[in-house]
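**Student:** Dumping the structure here so I can ask a few things about it.
The values are calculated or read from the model by the stated rules, or taken from the named source; none is laboratory data. Everything quoted here is computed from the prediction, not taken from an experiment. Reconstructed Cβ throughout: ideal geometry from the backbone, glycine too, with neighbour counts over all protein chains shown. The protein model used for the area step is the full one, side chains on, heavy atoms only, and it has no ligands, DNA or RNA in it. Shrake-Rupley method; radii C 1.70, N 1.55, O 1.52, S 1.80 Å.
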Amino acid sequence: MTSKDLADLIFPNIDKTIEDYEKMYPERDLEEGAKVTRFAPSPTGFMHIGNFLSAVIDYVLAKNSKGVFYLRNEDTDKTREVENAVSSIMKILSTYDLYPDEYEFQEETKGNYGPYIQSERKEIYHAFIKHLIEIGRAYPCFCTRETLEEQRKNQEMDKERTGYYGDYAFCRSLTIEEQIEKIKAGVPYVIRFKSSGDFEKKFIFDDLVKGRIELPENDQDVPIMKSDNQLPTYHFAHLVDDHLMRTTHVVRGEEWLSSVPLHIDLFRSFGFRPPKYIHIPLIMKKDEETGNARKISKRKDKEASMSYYEEKGYPTYAVIEAIMTIANSNYEEWHQAHPEKDFTDFPFSPKKMSSSGAYFDLEKLDNISKNYISRLTKEEVYNGVLSWAKKYDADFCKHLEDEKEKSLAIFNIEREQKKPRKDYINWSSIKSQVSYFYEDYFYEDKEKTYQELEEVENVELLKEYASTYQDYPTENEWFEAMKQFAITHQFAPSPKMYQEDPTLYQGHVGMICEALRRVITGRKETPNLFQILAILGKDELQKRIQFYQDYINQ
Ligand code: GLU
């Protein structure tokens, strides 16, 4: 009996060989230096910022080198699968313009290297496992869960390294006859990889982020095919896929770093050249309570989940910019020097990535976002807010649509000028900043409208001002008229004059403006008053002052 008999017994229906697959998925015909990258999420949850960072890097590496970026659905663990996980991943990739060149989604396959869903590649994996059995680099293991559990406990008690290796790899030494006999007798089994390493020896490899890494060689005979669903484990499936899909660069979280000796052992067992590895560091944040840096937690931190940025309405541009600055800290400088370029033109360098932990802070994102929104036209701001509101705030959406001209005028305040306003952080926060313009919101609830304010005196004076109000063509003309009004009512036309001798005046022009601002907006601080008045107009101005008077007299 030979290992071929064993392989045929385990996989009687597999007749394709590795060579057949090599022919089906030949080397890609790409320019020299083109990178082939993949985003390979497991559909076990929703996308978090670490996954997103690796997808962005994958995308930039591929686009920058005229390569290929593909999506692979790593769904080998069917028990942990979450419904809609893949569609939400696709949605995020498309929202951020990171659409893969090759993928398989909703019955559509793009690309010649598929299937791109691991559960559809069972036959391919089996051919590869069959080959390993034939060459004696994989074997069936009949140890039961209970035996393995007991072995682990004993190892722990003896202070030994846990796992299935060396003398502990009991089934490694079964003869082919014994293996065949057990299989024929129906004893359940898994397939294990026969490792070639020696734990006492150093395994050295170069990670593109971390540099030279030294780890012990792999001597664990890990399972590569679980008996339950006959799909391989991640370790094995990714090797087959990355090879056949001709991946050149693997970008993934640093939690995989310690598996590299095993992965390279697997690649070598087939005589394949492993891809280059880019293990990206953990994403860190400053803890709100302690002020210390810590890992962003999926459980505790809202900003760990990509859905947060959508719900908050951060422009996608800002999120990408913030992520790119985590990827390489010189990104911002580069973009300032090349404002016309796209992020995909950035020469991303894994070496320049922080290897100890990538720091992400929301303040930074807010800053990028504020600056970005400040450069947009009123139409762009309108469209941004509107598309956010369509999904998250139906009432505000209706106001934006019904009062489009007014909304555009609102978003135009202090915009498209040398020093544009920078107080809009994201689409979701804009409503509360502009709600007073909309009559429904302003008049909805007097208490709420004026909750921030102490009482404003001189309401009669404001009423009189309103009766003289006109549409002024320029801010200058408006302010001249305002000063005249002040003088007529014993108010100084400038704070300076008032301070020189306060006994001469009732107050100064700024005080009238402040009182007016408060009464007509319910806020202590607003953008330019002239522009607000221009949008509201005389009738509304009078109506609001009366509203305030009713409020204080009630
Ligand atoms: N499916 C693995 C994960 O989601 C991918 C790791 C890799 O990119 O190789 O963690």
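**Student:** Using the Karplus equation 6.51 cos²θ - 1.76 cosθ + 1.60 (θ = phi - 60°), what ³J(HN,Hα) coupling, rounded to whole Hz, does each residue of the range 400-409 give in order, writing x for Gly and Pro?
**Tutor:** Once rounded to whole Hz, the list reads 5, 6, 5, 10, 4, 4, 5, 4, 4, 5.
**Student:** Over the Cα atoms of the range 262-403, what radius of gyration and what Dmax do you get, in Å?
**Tutor:** Rg then Dmax for the range 262-403, in Å: 19.6, 68.
**Student:** Determine the per residue accessible area of the chain with all protein chains present and a 1.4 angstrom probe, expressed in square angstrom. Kindly include the intermediate steps, with their values, before the conclusion.
**Tutor:** On the way: 27690 Å² over 554 residues.
Value returned for the chain: 50 Å² of accessible area per residue.
**Student:** Determine Rg/Rh for the range 259-330; Rg is computed over alpha-carbon atoms and Rh is the Kirkwood hydrodynamic estimate from the same atoms.
**Tutor:** We get a ratio of 1.14 for the range 259-330.
**Student:** No partner Cβ under 4.7 angstrom, meaning no disulfide-compatible partner by this rule: which Cys of the chain qualify?
**Tutor:** So far as the 4.7 Å Cβ criterion goes, Cys143, Cys397, Cys513 stand without a partner in the chain.
**Student:** Normalise the Cα radius of gyration of the range 13-58 by 2.2 N^0.38 Å (N = residues in it) and let me know the number.
**Tutor:** Against the empirical 2.2 N^0.38 Å value, I get 1.72 for the range 13-58.
**Student:** Using amide H atoms built 1.01 Å from N in the peptide plane, name the residues 5+ places from Lys35, or on other chains, whose amide H lies under 5 Å from its own.
**Tutor:** Ser65, Gly67, Val68
**Student:** Also: For the range 336-447, what number results from the quotient of the Cα radius of gyration and 2.2 N^0.38 Å?
**Tutor:** This ratio for the range 336-447 stands at 1.35.
**Student:** Next question, about the same structure. Given H placed 1.01 Å from N in the peptide plane, which residues other than close sequence neighbours of Phe203 have an amide H under 5 Å from its amide H?
**Tutor:** Counting only residues 5 or more places away or on other chains, the set is Leu215, Glu217.
**Student:** How much space per residue, in cubic angstrom, does the convex hull of the C-alpha atoms of the range 393-460 take up?
**Tutor:** Here the figure is 149 Å³ per residue.
**Student:** Ranked highest first by average number of other Cβ atoms within 10 Å, how do 53-66, 242-255 line up?
**Tutor:** Highest-to-lowest ranking by the protection proxy: 53-66, 242-255.
**Student:** As a check on your grasp of the helix formula, calculate [θ] at 222 nm for the chain: sum -39500 (n - 2.57) over DSSP H runs of n ≥ 4, divide by the residue count, round to the nearest 500. All intermediate terms of the calculation are to be shown ahead of the outcome.
**Tutor:** On the way: 24 runs with 253 residues, N = 554.
Taken over the chain, the calculation gives -13500 deg cm²/dmol.
**Student:** Okay, moving on. Once the convex hull of the alpha carbons of the range 31-112 is built, what does its volume come to per residue, in cubic angstrom?
**Tutor:** In the range 31-112, the Cα hull volume divided by residue count equals 97 Å³.
**Student:** Oh, and also: Taking all pairs of different Cα atoms in the range 289-353, averaging 1/r and flipping that mean, what Kirkwood radius in angstroms comes out?
**Tutor:** 13.7 Å
**Student:** Kirkwood Rh, the range 90-192, all Cα pairs: how many Å? Please report the intermediate quantities before stating the final value.
**Tutor:** Details: mean 1/r = 0.0573 Å⁻¹.
With all distinct Cα pairs of the range 90-192 included, I get 17.5 Å.
**Student:** Over 22 Å between Cα atoms, which of Lys202/Lys276; Lys302/Lys419; Lys448/Lys543 qualify?
**Tutor:** Lys302/Lys419
**Student:** Something else: Leaving out ligands, DNA and RNA, and with a 1.4 Å probe, what % of the accessible surface on the chain is carbon or sulfur?
**Tutor:** The nonpolar share, carbon plus sulfur, comes to 47 percent.
**Student:** Divide the volume of the convex hull of the Cα atoms of the range 423-554 by its number of residues and quote the answer in cubic angstrom per residue.
**Tutor:** Here the figure is 122 Å³ per residue.
**Student:** Still on this structure, please answer the following. Could you pull out every residue, at least 5 positions away or on a different chain, whose amide H is within less than 5 Å of the one on Ala358? Hs are placed 1.01 Å off N in the peptide plane, and Pro or chain starts have none.
**Tutor:** It is Leu282, Ile283, Met284, by chain and number.
**Student:** Here's another thing I want to ask about it. Only bridges with both residues in the chain count here: give the DSSP antiparallel percent, nearest 5.
**Tutor:** Values: 21 of 38 bridges.
Rounded to the nearest five, the antiparallel share is 55 percent.
**Student:** Across 5 Å bins from 0, what is the distribution of all Cα-Cα pair distances for the range 326-395, in whole percents?
**Tutor:** 3, 13, 15, 19, 19, 12, 9, 6, 2, 0
**Student:** Can you work out the FRET efficiency for the pair Thr503 and Val82, with r the C-beta to C-beta distance and R0 = 60 Å, to the nearest 0.05?
**Tutor:** With a Förster radius of 60 Å, E is 0.20.
**Student:** Considering only C-alpha atoms, what is the centroid distance from the range 78-127 to the range 415-446, in Å?
**Tutor:** Computed from Cα coordinates, the inter-centre distance equals 41 Å.
**Student:** How large are Rg and Dmax for the range 190-284 when only the alpha carbon atoms are used, in Å?
**Tutor:** Looking at the range 190-284, its Cα Rg and Dmax stand at 13.5, 39 Å.
**Student:** Which value results for Rg/Rh of the range 335-375 when Rg is the Cα radius of gyration and Rh the Kirkwood radius based on the inverse mean 1/r?
**Tutor:** Here the Rg-to-Rh quotient is 1.03.
**Student:** Give me the mean projected area, in nm² to one decimal, of the convex hull enclosing the Cα positions of the chain.
**Tutor:** 35.0 nm²
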